[in-house]
Amino acid sequence: MRLPWFSVAASSRLPLYQPLDIEDGTEPRRSPVLQKRGGYLLLLFGVVTTSAVLLIVIIFSVDSRWAPRLPPLLSPPLAPPSETHQSLASSLPTFLSNNFHLPSRRWAPISLNTCPPGAPPYLAPCLAQRREGAVFGEELVYPDFRLREPLFAPSRIDEDLPQWRRMLDGITERAAFCKDKRWVCYRGQTGQNIVLANATYRGNPPADLWTDQACMSDGVTTAGIETAPANATANTLATPAEYDAAFSVDTLLIATPPDSWSFQHFLDRVTHIVAQGYHFTQGRGAPDVVTGRSPGGSVSDMWEMLGLGGGKVHYRSPRVAAKAIVFSCRSPLVHPWLSLRSLEMFGLDPAGVPIDRRKKVVYISRSHGNTSNGGRRVLNEDKMLDEIRALLAERGQGEELVLFHELGISSQPQLMAWFHENVRAVIGPHGGGLYNHRWTGRDTLVLELMPRTWTSHMFWEEAGVLGQTYANVLLEPVSHSGTDMNADIPAVLDILRAHLGLPDPRGASIERSYRWHAPELLLDERGN
């Protein structure tokens, strides 16, 4: 091997051969001394060369820091995606192309479904390459957005707004104040869909438990889902009939968040999990779903409205085997795409009926009707309701106060349709019943009475992503350890006078958010 940077300076050495004897024309004779010296030099050269080569080989094999000095090797070409991968990768783009009219479309996430060199190993497509039995991984990058702060009564804003802002510390994992503190920014939210072939759910992720391993919790994992070889028909089971018997469900969605049976957490968790993974089932028939304990009537009705009734829902099932399991448990808790898609899947137009045609003001009490837990009662409720009725009569717009517990509608589809067509405002103390504001459409006024000892952002977030107007009244509880309260009736009336039946005077409750602000980046979807 000849190394170009290795050379020998031999000008000071004697020649190995004597000059030709010109006179007699005979060949030169080798000098015995030079012959011996030449042998040593050749030997030395061979030893040095061999040692240098061995040293380089050893260094490259032991210390990878030297490797970049070598010319880079060409990477082998990536294998072409399989037909299954191509079909799954086209699911979300195809769904969006076929449903251009849906309001949710402008908030749709971007689907990343390949693992390029240098990609972080936690991305879903990279995980799918390592995870046995996974045939597809989809990383969803959700668009950033920002929500306006709540409205407050003018008489209380100096007290209530600072406390509400301090409460934001409770949701820092998903939100933080924007540079303009009148807005709260939601940035960098992602989700994951993993599709596993010939898989069996055996109770993990666990259902109905508030644990880090539950669906939508930070530590949720696919590790508890068993998978058989992808070619199970050929290698594991003798016949296609045996394969169909072993994996009797075609497609299974896992929806096992905490309290999946409850009205509140069905809406803020189960619907998000289903909405995030549902595009894989388009054109393939309704999937099956595994979830927690059997729910009450309203949640059962909503499963039916999603097209997942008739034995498609497996309640508290210890084992469900499917030809494909869609794992969409890594889903954001708050995002307009998921909230709007849920309404669309229920058959409701998120825009709703125009606000000037809706005349009902619904009050949802915790002192009457059924509540799953106690507390947060408004002790001067009757007086407040009398004052609200008087205000509505004074306004002369045909508005009517309706008490939710006296409504008398038992069918969940009928209840949702009634809210959608009639309701202008939803008022009440913090509690799951306020979630009925979801069915009402844009510009609905959501007025929440909240004890300072029991605070939450959940209704403000959901009202904001749906384009509704949210107002908050923070109240001192009547006892140090309790949550019951007396309403500030003048503050409630001030908010109703200023905002009932009107869009938020500050503008839209939700806007897109993006780090860069050049005009070329701010085009709408029509390119204007």
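The values are calculated or read from the model by the stated rules, or taken from the named source; none is laboratory data. Because the structure is predicted, anything quoted here is derived from the model rather than measured. Positions of Cβ are generated from backbone atoms using ideal geometry, with glycine treated the same way; all protein chains shown enter the neighbour counts. Accessible surface areas use protein heavy atoms only, side chains included; no ligands, DNA or RNA. Shrake-Rupley method; radii C 1.70, N 1.55, O 1.52, S 1.80 Å.
Annotations
- Formal net charge of residues neighbouring Pro490 (Cβ-Cβ distance under 10 Å; K, R +1; D, E -1): -2
- Relative contact order, percent, the range 422-509 [alpha-carbon distance under 8 Å, six or more residues apart]: 29 percent
- Under 12 Å, Cβ to Cβ, from Gly219 - net charge with Lys/Arg +1 and Asp/Glu -1: -1
- With all protein chains kept in place, the per residue accessible area of the range 85-154 amounts to 47 square angstrom at a probe of 1.4 angstrom.
- Largest to smallest principal axis extent of the C-alpha atoms in the range 362-480, angstrom: 41, 32, 27
- Of all accessible heavy-atom area on the range 368-498, the percent that carbon and sulfur account for (1.4 Å): 45 percent
- A simple spin-label model places pseudo-atoms 7 Å from Cα toward Cβ; at Ser317 and Gln86 they are separated by 3.2 nm.
- On a per residue basis, the range 220-328 carries 37 Å² of accessible surface, using protein heavy atoms and a 1.4 Å probe.
- Euclidean distance of C-alpha centroids, the range 113-167 and the range 427-506, integer Å: 25 Å
- A straight Cα-to-Cα reach below 14 Å connects Lys179 with the aspartates and glutamates Glu149, residues fewer than 8 places away in its own chain not being considered.
- On the basis of the beta-carbon distance and an R0 of 25 Å, Ala508 and Met305 show a calculated FRET efficiency of 0.30.
- Straight-line cross-link reach from Lys323 at under 16 Å between alpha-carbon atoms covers these lysines, not counting any fewer than eight positions away in the same chain: Lys312.
- Sequence ranges 253-259, 431-437, 389-395, ranked by mean other-Cβ count within 10 angstrom, highest first: 253-259, 431-437, 389-395
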